[in-house]
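Working notes, beginning with the structure itself.
The values are calculated or read from the model by the stated rules, or taken from the named source; none is laboratory data. Source: prediction; values computed, not measured. Cβ placement follows ideal geometry from the backbone for every residue including glycine, while neighbour counts extend to all protein chains displayed.
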Amino acid sequence: METGRKPRKLPEQVADKLREMIIQENMTTGSKLPAEAELMTRFGVSRSTVREAVKILQTEHIVDIRQGQGTFLCAMPGLAADPLGLRFADQHDLIAQLLTTRLMIEPNVAALAAQCRQDKHLIAMKSLLDKMDNAYLHGEDYTHYDFEFHSVVAQCTGNDVICRLLPTIHESIQAGYAHTQRVEGSYQRASQCHTEMYRGIVERDSARARAAAQRHMMQTMHDSGVEVPGVLLR
């Protein structure tokens with residue numbers, strides 16, 4: 001005898017409505033959600049129900065609750081800090097696997113970026129290249145600029161799925177930095193590849209952008225002591 005699923009609790013139902021509201025109103029990163037009183041009126045529920053519903057979205061990394069300021073939409077809503085559970089993966093082989101994944105993905109991302117980029121992307125990439133160089137020259141951590149550069153390349157494609165794979169790429173950059181920061185000439189080689197990739201994207205030259213991204217990843221793997229799978233060199 002089928003009993004059916006249990007009816008969803010009211011806070012869960014309100015959480016569903018909040019997700020729909022965020023999507024339908026095209027809310028962007030950092031957007032502030034309506035105040036509790038407005039949500040109570042809109043959904044016809046109590047303050048405690050609204051608060052429980054918002055907490056559900058918080059656990060799903062959709063909103064950020066800031067004490068005394070309000071509730072705001074997260075960057076990459078719904079995407080957890082470790083979406084692939086990499087902290088539970090075999091840490092011994094993780095850097096090699098991350099870099100191999102980047103080698104498989106990034107050259108094609110760069111090629112597509114060259115075809116789809118907009119002027120705003122070019123401005124952002126050039127600024128980030130300059131910031132990376134400046135940080136390196138001053139002995140500062142430049143990896144967040146590195147991550148942003150690759151983020152903008154992905155944004156050029158207009159493909160939201162690609163953009164949501166970036167946490168894996170960011171993890172790789174951070175791990176790669178730890179492996180290569182003391183390798184002589186590593187930054188200079190990476191910088192040359194970044195610049196070449198940028199020029200390929202500027203000129204809408206997919207072949208040039210793809211080749212630069214592939215060379216960048218192969219050099220990073222070499223500097224990290226990771227063997228490049230022969231099949232990926234074809």
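Quick rundown of the values:
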| read-out | value |
| --- | --- |
| Residue that is nearest to the chain's Cα centre (by Cα), among those in segment 152-166 that are at pLDDT below 90 and either under 12 Å from Glu106 (Cα atoms) or crowded, with 18+ Cβ neighbours inside 10 Å (or both) | Leu166 |
| Candidate set: segment 63-79, residues that are among the aliphatic types (A, V, I, L, M) and in contact with a strand residue (DSSP E or B) (Cβ under 7 Å, 6 or more places away or on another chain); chosen: the one surrounded by the fewest Cβ atoms within 10 Å (Cβ to Cβ) | Ile65 |
| Answer residue from segment 93-117, given it is assigned to a helix (DSSP H, G or I), under 18 Å from the mean Cα position of the chain (by Cα) and charged (D, E, K, R) and is modelled with the highest pLDDT among those | Glu106 |
| Members of segment 84-138 that are β-branched (Val, Ile, Thr) and surrounded by 14 or more Cβ atoms within 10 Å (Cβ to Cβ) | Ile95, Thr100, Thr101, Ile105, Val109 |
| Residue in segment 121-141 that is within 23 Å of Leu84 (Cα to Cα) and of a type in the set (Phe, Trp, Tyr) present | no |
